[in-house]
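These notes concern the structure reproduced below.
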Amino acid sequence: MKFKKAMDQETVIIECLRCGTKNRVPRSRIHDRPSCGQCHAPLSLEAFAIRPLETADGTFARDVLAAAEPVLVFFYSPSCPYCRMLSPVIDQLAVKFEGAALIARLNTTVNPVVSAQYGIQGVPTLLLFREGKLLKRMVGVQSGDEIERGLKGIIKLS
Ligand SMILES: [Zn+2]
């Protein structure tokens, strides 16, 4: 969460894996295959480690409802096999949507308040919020493509 806060700025800092130079990259250019200013090696977004934000009953209002950007929340349970299948897809979306939307996760088994508030009947369920309002509910999605189609027209990808 500390990490996410640092990214709420115009630029991000990505350390070059080859020479160690800390490169300042504008958020808007993060998907343009940025390279190191010093040695010109491609900068790895994996090293930058964009991950879904783990939210919870206690932080949901701040993390999701008060967020400046749209937020897609992945409601999951650790014991659900479909959630485990979808989890790496959600991780990839966090990288892909960086700058356009925030991707968050909520473990329904330990966060019953938010789950009940939004009537989560089963997992995985994806809810999209913007400016504190629930815009879209997706139940039973299986692929990143399906999720992206569902978000079309709501979230603009660069
Ligand atoms: Zn370098």
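Below are the figures for this structure:
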quantity: Lysine pairs within the chain, Cα separation less than 24 Å, 8 or more sequence positions apart or different chains; calculated: 20
quantity: Interchain or long-range residues, amide H under 5 Å from THR125's placed H; calculated: PHE75
quantity: Amide H contacts of THR21 (H built 1.01 Å from N, under 5 Å, at least 5 apart or other chain); calculated: CYS16
quantity: Karplus 3J(HN,Hα) series, Hz, for segment 19-30 with 6.51 cos²θ - 1.76 cosθ + 1.60 (x for Gly, Pro); calculated: 10, x, 5, 8, 9, 9, 10, x, 3, 5, 9, 5
quantity: Of SER87, SER79, SER143, the one that fluctuates the most in a GNM where the chain has Cα springs shorter than 10 Å; calculated: SER79
quantity: Rounded tilt (10° steps) of 81-96 against the dominant C-alpha axis of the chain; calculated: 40
quantity: Taking N as its residue count, the alpha carbon Rg of the chain over 2.2 N^0.38 Å; calculated: 1.09
quantity: P(r), alpha carbons of segment 89-136 - 5 Å bins starting at zero, rounded %; calculated: 5, 17, 27, 25, 18, 8, 0
quantity: Bridge type composition, the chain - antiparallel percent by DSSP, nearest 5; calculated: 65
quantity: Taking segment 69-142 and dividing mean pair separation by its residue count, relative contact order in percent (alpha carbons under 8 Å, at least six apart); calculated: 44
quantity: Over the chain: helical MRE at 222 nm, DSSP H runs n ≥ 4 each giving -39500 (n - 2.57), nearest 500; calculated: -7000 deg cm²/dmol
quantity: Amide hydrogen neighbours beyond the local backbone of GLN38, cut-off 5 Å, H modeled; calculated: none
quantity: Whole-percent carbon and sulfur share, accessible surface of segment 13-83, 1.4 Å; calculated: 52
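The values are calculated or read from the model by the stated rules, or taken from the named source; none is laboratory data. These numbers were taken from a predicted model, which means no experiment stands behind them. Ligands, DNA and RNA are excluded from the accessible area calculation, which covers all protein heavy atoms including side chains. Shrake-Rupley method; radii C 1.70, N 1.55, O 1.52, S 1.80 Å.
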